[in-house]
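*Asks:* One structure coming up, written as C-alpha coordinates, with questions to follow.
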Amino acid sequence: MNDFAELELARLKAMTASEKVAVMHSLWHQAWVFKAAGIRAQHPDWTAEQVEERVRELFRLESA
(Lines give C-alpha, C1' and ligand atoms only; values in the text may rest on other atoms or scores of the structure.)
Protein backbone atom coordinates (compact mmCIF):
# COMPACT_ATOMS: atom_id res chain seq x y z
CA MET A 1 0.00 0.00 0.00
CA ASN A 2 1.37 3.45 -0.86
CA ASP A 3 1.81 6.26 1.65
CA PHE A 4 -1.29 8.12 0.50
CA ALA A 5 -3.50 5.06 0.85
CA GLU A 6 -2.11 4.38 4.32
CA LEU A 7 -2.78 7.97 5.38
CA GLU A 8 -6.28 7.82 3.96
CA LEU A 9 -7.00 4.54 5.75
CA ALA A 10 -5.69 5.95 9.02
CA ARG A 11 -7.91 9.01 8.60
CA LEU A 12 -10.97 6.84 7.92
CA LYS A 13 -10.26 4.68 10.96
CA ALA A 14 -9.97 7.81 13.12
CA MET A 15 -13.35 9.18 12.00
CA THR A 16 -16.42 8.85 14.15
CA ALA A 17 -19.49 7.14 12.74
CA SER A 18 -21.22 10.48 12.26
CA GLU A 19 -18.21 11.84 10.35
CA LYS A 20 -18.28 8.80 8.07
CA VAL A 21 -22.00 9.28 7.44
CA ALA A 22 -21.39 12.96 6.63
CA VAL A 23 -18.70 12.02 4.11
CA MET A 24 -20.97 9.39 2.57
CA HIS A 25 -23.80 11.90 2.28
CA SER A 26 -21.50 14.44 0.64
CA LEU A 27 -20.33 11.87 -1.92
CA TRP A 28 -23.92 10.81 -2.62
CA HIS A 29 -24.97 14.45 -3.10
CA GLN A 30 -22.07 15.10 -5.49
CA ALA A 31 -23.01 12.02 -7.51
CA TRP A 32 -26.62 13.27 -7.69
CA VAL A 33 -25.52 16.72 -8.89
CA PHE A 34 -23.18 15.27 -11.53
CA LYS A 35 -25.82 12.83 -12.78
CA ALA A 36 -28.41 15.62 -13.03
CA ALA A 37 -25.95 17.81 -14.95
CA GLY A 38 -25.33 14.99 -17.40
CA ILE A 39 -29.03 14.42 -17.94
CA ARG A 40 -29.64 18.16 -18.44
CA ALA A 41 -26.86 18.19 -21.06
CA GLN A 42 -28.43 15.22 -22.88
CA HIS A 43 -31.97 16.61 -22.63
CA PRO A 44 -31.80 20.43 -22.60
CA ASP A 45 -35.53 20.64 -23.33
CA TRP A 46 -36.52 18.72 -20.16
CA THR A 47 -37.98 20.49 -17.15
CA ALA A 48 -36.28 20.39 -13.77
CA GLU A 49 -38.95 17.92 -12.66
CA GLN A 50 -38.22 15.57 -15.55
CA VAL A 51 -34.49 15.70 -14.81
CA GLU A 52 -35.08 14.98 -11.13
CA GLU A 53 -37.39 12.07 -11.89
CA ARG A 54 -34.82 10.53 -14.24
CA VAL A 55 -32.07 10.90 -11.63
CA ARG A 56 -34.34 9.21 -9.08
CA GLU A 57 -34.98 6.35 -11.50
CA LEU A 58 -31.28 5.89 -12.20
CA PHE A 59 -30.31 5.98 -8.53
CA ARG A 60 -32.96 3.35 -7.76
CA LEU A 61 -31.65 1.14 -10.57
CA GLU A 62 -28.03 1.52 -9.44
CA SER A 63 -28.84 0.64 -5.82
CA ALA A 64 -30.86 -2.47 -6.71
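*Asks:* Based on what the data block shows, is F4 among the aromatic types (F, W, Y), in a helix (DSSP H, G or I), exposed (fewer than 12 other Cβ atoms within 10 Å of the Cβ) and modelled with pLDDT of 95 or more?
*Replies:* no
*Asks:* Now for a separate question. Out of the residues in region 24-64 that are under 12 Å from the mean Cα position of the chain (by Cα) and charged (D, E, K, R), state the one that is modelled with the highest pLDDT.
*Replies:* K35
*Asks:* Are any residues in region 9-61 of a type in the set (K, R) and either in contact (Cβ under 8 Å) with a residue 60 or more places away in the chain or not in a helix (DSSP H, G or I) (or both), and if so, which ones? Spell out the reasoning first.
*Replies:* Within region 9-61, the subset of a type in the set (K, R) is 11, 13, 20, 35, 40, 54, 56, 60.
If the condition is that a residue be of a type in the set (K, R) and either in contact (Cβ under 8 Å) with a residue 60 or more places away in the chain or not in a helix (DSSP H, G or I) (or both), then no residue fits.
The values are calculated or read from the model by the stated rules, or taken from the named source; none is laboratory data. Remember, predicted model here, so these are calculated numbers, not experimental data. Note that we place each Cβ from the backbone using ideal geometry, even for glycine, and neighbour counts take in every protein chain shown.
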